[in-house]
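**Student:** I have a structure here, written as structure tokens, and I will follow up with some questions on it.
The values are calculated or read from the model by the stated rules, or taken from the named source; none is laboratory data. Given the structure is predicted, the values throughout are model-derived calculations rather than measurements. Don't worry about glycine lacking a Cβ; one is built from the backbone with ideal geometry, like all the others, and counts go over all protein chains shown. With ligands, DNA and RNA removed, areas are computed over all heavy atoms of the protein, side chains included. Shrake-Rupley method; radii C 1.70, N 1.55, O 1.52, S 1.80 Å.
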Amino acid sequence: MSNLKKITPFLIIGILSIVFAIYKWIYDSNGLGMISVYLLFIVGIIALLVDFGFRKWLKTFKKIAFIELIIIGILISANQYKYNRVKTLEIPTDLSNQYVTIIYGVNGQPDLEITDFTLSKNIKIPDNGILMTSTEYDIDLPKTKIKTTDNEYFKTKESNMTFGQFGGKLNHNDKVYRFRSWQIGEKENCCSHTGEEMKIYQTVLKKELRNKASR
């Protein structure tokens, strides 16, 4: 029983991380796979070192397990906060354009008012489906929902509409602007486009950018 009490949360994480790193190194270390090998190995070593330090400092299993579980909970919560913040794009119910786009970093355009503490944000999209903002690309919220002004949410069981996301860059006056686009359509035939269609749409975006950025 005394041996079982020595198995702490960080010890489990450390051992599993190193074992999985070795597994990845043997079976999947090509290209980007090697990066995950290094990351897993580093995480494993850090977890074991922290666990060793806690054993020297806290002495009792209950204290060690309690502190380590709190740290794990904080890390999980921070990860959930970082990657699960949601922006909702509110589009006109009669929007005829199959694309919705946000172009970032355009001087003189409204800020999205998103900070590190913003959990969710409702963003109204203009009638032409193209919104320009002075907010930078990397500040935007990671998850996206789309709804109409009459509150039909796309990509749900209740709606026949869905969307797919893509992005790119636009050049104007020696400056590179980044954008995110969402292609919307019915679930049965969304969301694909040809290279030629993308060239045409980017021409539309560049024209709109010239009009707004030059003001």
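**Student:** If a residue must be surrounded by fewer than 17 Cβ atoms within 10 Å (Cβ to Cβ) and part of a helix (DSSP H, G or I), how many such residues does segment 31-49 contain?
**Tutor:** 10
**Student:** Here is a further query. Would you check which residues across segment 153-173 are assigned to a loop (DSSP other than H, G, I, E, B) and either open to solvent by 90 Å² or more (accessible area, probe 1.4 Å) or touching a residue at least 12 places away in the same chain (Cβ under 8 Å) (or both) and list them?
**Tutor:** Passing the criteria: Phe154, Lys155, Lys157, Glu158, Asn160, Asn173.
**Student:** Can you report the number of residues in segment 55-74 which are modelled with pLDDT of 90 or more and among the aromatic types (Phe, Trp, Tyr)?
**Tutor:** Selection size over segment 55-74: 1.
**Student:** Here's another thing I want to ask about it. Pull up segment 98-127, narrow it to residues that are among the polar types (S, T, N, Q) and touching a strand residue (DSSP E or B) at 6+ places or on another chain (Cβ under 8 Å), then point me to the one that is farthest from Cys191 (Cα to Cα).
**Tutor:** Once the filter is applied, the top-ranked residue is Gln109.
**Student:** Sticking with this structure for a sec: I'm trying to understand the selection: among the residues of segment 193-203, which are open to solvent by less than 90 Å² (accessible area, probe 1.4 Å) and free of Cβ contacts under 8 Å to residues at least 60 places away in the same chain?
**Tutor:** Passing the criteria: His193, Thr194, Gly195, Glu197, Met198, Gln202, Thr203.
**Student:** Please enumerate the residues belonging to segment 99-117 that are over 18 Å from Glu208 (Cβ atoms), open to solvent by 20 Å² or more (accessible area, probe 1.4 Å) and at pLDDT 90 or above.
**Tutor:** Asp111, Glu113
**Student:** Now, a different point. Counting only residues that are out of contact with any helix residue (DSSP H, G or I) (no Cβ under 7 Å at 6 or more places or on another chain) and assigned to a strand (DSSP E or B), which one in segment 174-184 is farthest from Lys145 (Cα to Cα)?
**Tutor:** Lys175
**Student:** Of the residues that sit in segment 35-78 and are of a type in the set (Phe, Trp, Tyr) and out of contact with any Asp or Glu (no Cβ under 8 Å at 6 or more places or on another chain), which one is farthest from Phe10 (Cα to Cα)?
**Tutor:** Out of the qualifying residues, it is Tyr38.
**Student:** Go through segment 172-215 and count every residue that is of a type in the set (S, T, N, Q) and at pLDDT 90 or above.
**Tutor:** 4
**Student:** Another question, then. Give the residues of segment 176-187 that are touching a residue at least 24 places away in the same chain (Cβ under 8 Å) and open to solvent by 40 Å² or more (accessible area, probe 1.4 Å), sorted by residue number.
**Tutor:** Arg178, Glu186, Lys187, listed by residue number.
**Student:** Out of segment 76-98, which residues are touching a residue at least 24 places away in the same chain (Cβ under 8 Å) and open to solvent by less than 70 Å² (accessible area, probe 1.4 Å)?
**Tutor:** Asn84, Arg85, Val86, Lys87, Thr88, Leu89, Glu90, Ile91, Pro92, Leu95, Asn97
**Student:** Give me the residue from segment 133-152 that is more than 30 Å from Glu188 (Cα to Cα) and open to solvent by less than 30 Å² (accessible area, probe 1.4 Å) and, out of that set, farthest from the chain's Cα centre (by Cα).
**Tutor:** Ranking the candidates gives Thr133 first.
**Student:** Of the residues in segment 185-203, how many are over 28 Å from Glu136 (Cβ atoms), touching a Gly at 6+ places or on another chain (Cβ under 9 Å) and not in a strand (DSSP E or B)?
**Tutor:** Counting residues in segment 185-203 that are over 28 Å from Glu136 (Cβ atoms), touching a Gly at 6+ places or on another chain (Cβ under 9 Å) and not in a strand (DSSP E or B) gives 2.
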